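Input: a single structure, listed below in structure tokens.
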Amino acid sequence: MKKQLLAATAAAMLAGTLALPAMAQNIAIVNGKPVPKARLDALAEQIKAQAARTGQPVPPEVDKQLREEVIAREIFMQEAQRRGLEASPDFRAKMELARQSVLINELFADYQAKNKVTDEEAKAEYDRVVGSQAPAAGAKEYKARHILVEKEDEAKAIIAQLKKGGKFEDIAKKQSKDPGSGAQGGDLGWANPSGYVPEFADALKKLNKGQLSDAPVKSQFGYHIIRVDDVRDAKAPELPSFEQVKPQIVQQLQQQKLVKFQEDLRAKAKVE
């Protein structure tokens, strides 16, 4: 009797030991059907990848929420299967589209994993962008003011008034139709002429420091009276360091490589 009891106990312990790995592979049993832990792991990876793309941390309570989500999906899926929805043509068509999407995403992920952007490529792109921001030799920046009015006669009258000693800033505040600079006495700040409409830019570049336009300058906005307060050599804009923008550059280059990969596959495909 004692030997039988020991044997039964040993058998129960052995059965429990063998059951542990199986239980560890599941997160729950729903209506007698095990829900594999692999589903939870896959969903968690999706959430982590999405958080990484947006730069947002994953909250600690998400793990519990994901488990409940996976269990809920199993419950709903079982009910859909009970109703025979798996056999409908609409469901099969959608499943085929989903299968294609998953497989294509796997292809793209595989390509990117095997064709990573190197530090040399990222630095070369950074240097290219920095170089494109450098001003052209001899380029100038102008600190100018302007008064914008609707009619040419009004502009000519203002020029005459200024030549008689009228104060540019006061007239700009009272008569300029430019809501941005008018309140500032017509001040446009420092700028490269290329930032203005062509007519304004051409007139601006013909003026020297302290000079006022002799005639109204017509543009799509109306008639301008321009005064140049100062001129200086153009300066290159202050740009962030390579390390500061490296993640964005790498992401951009990765996307460019992927687009090129897609275009190459499309070009090589024989479509009849």
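The values are calculated or read from the model by the stated rules, or taken from the named source; none is laboratory data. Predicted, not measured: the structure shown is a model, and the values here were computed from it. Methodologically, a virtual Cβ is constructed for each residue, glycine included, from the backbone with ideal geometry; neighbour enumeration extends over all protein chains shown.
Being of a type in the set (A, V, I, L, M) and assigned to a helix (DSSP H, G or I) is the filter here; which residues of segment 83-119 pass it?
L85, A87, A93, M95, L97, A98, V102, L103, I104, L107, A109, A113
All but one of (1) at pLDDT below 95; (2) closer than 30 Å to V250 by Cβ hold for A28; state the number of the condition that does not hold.
(2)
Regarding A44, is this residue surrounded by 11 or more Cβ atoms within 10 Å (Cβ to Cβ), under 39 Å from the mean Cα position of the chain (by Cα) and within 30 Å of K260 (Cβ to Cβ)?
Taking the combined requirement at face value, the residue does not satisfy it.
Return a yes/no flag: does segment 208-215 have any residue that is touching a residue at least 12 places away in the same chain (Cβ under 8 Å), basic (K, R), surrounded by 14 or more Cβ atoms within 10 Å (Cβ to Cβ) and in the same structural domain as D178 (by TED's automatic domain parsing).
no
Mind checking which residues of segment 156-174 are out of contact with any Pro (no Cβ under 9 Å at 6 or more places or on another chain) and among the basic types (K, R)?
Correct list: K163, K164, K167, K173, K174.
Please verify whether Q46 is out of contact with any strand residue (DSSP E or B) (no Cβ under 9 Å at 6 or more places or on another chain) and at pLDDT below 80, treating the condition exactly as stated.
no
Tell me which residues, restricted to segment 242-272, are of a type in the set (A, V, I, L, M, F, W, C) and surrounded by 13 or more Cβ atoms within 10 Å (Cβ to Cβ).
F242, V245, I249, V250, L253, L258, F261, listed by residue number.
Each row is one residue, and each column tells you yes or no for (1) among the charged types (D, E, K, R); (2) surrounded by 11 or more Cβ atoms within 10 Å (Cβ to Cβ); (3) modelled with pLDDT of 95 or more.
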| site | (1), (2), (3) |
| --- | --- |
| S132 | no, no, no |
| K140 | yes, yes, no |
| A144 | no, yes, yes |
| V149 | no, yes, yes |
| A157 | no, yes, yes |
| Q161 | no, yes, yes |
| S176 | no, yes, yes |
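May I ask you to say which residue of A80, A124, A72 is assigned by TED's automatic domain parsing to the domain that holds V30 and under 34 Å from the mean Cα position of the chain (by Cα)?
Only one candidate passes the filter, namely A72.
Could you check, for segment 49-58, whether at least one of its residues is surrounded by 12 or more Cβ atoms within 10 Å (Cβ to Cβ), farther than 17 Å from K33 by Cβ and free of Cβ contacts under 8 Å to residues at least 40 places away in the same chain?
Yes: segment 49-58 contains one or more residues that are surrounded by 12 or more Cβ atoms within 10 Å (Cβ to Cβ), farther than 17 Å from K33 by Cβ and free of Cβ contacts under 8 Å to residues at least 40 places away in the same chain.
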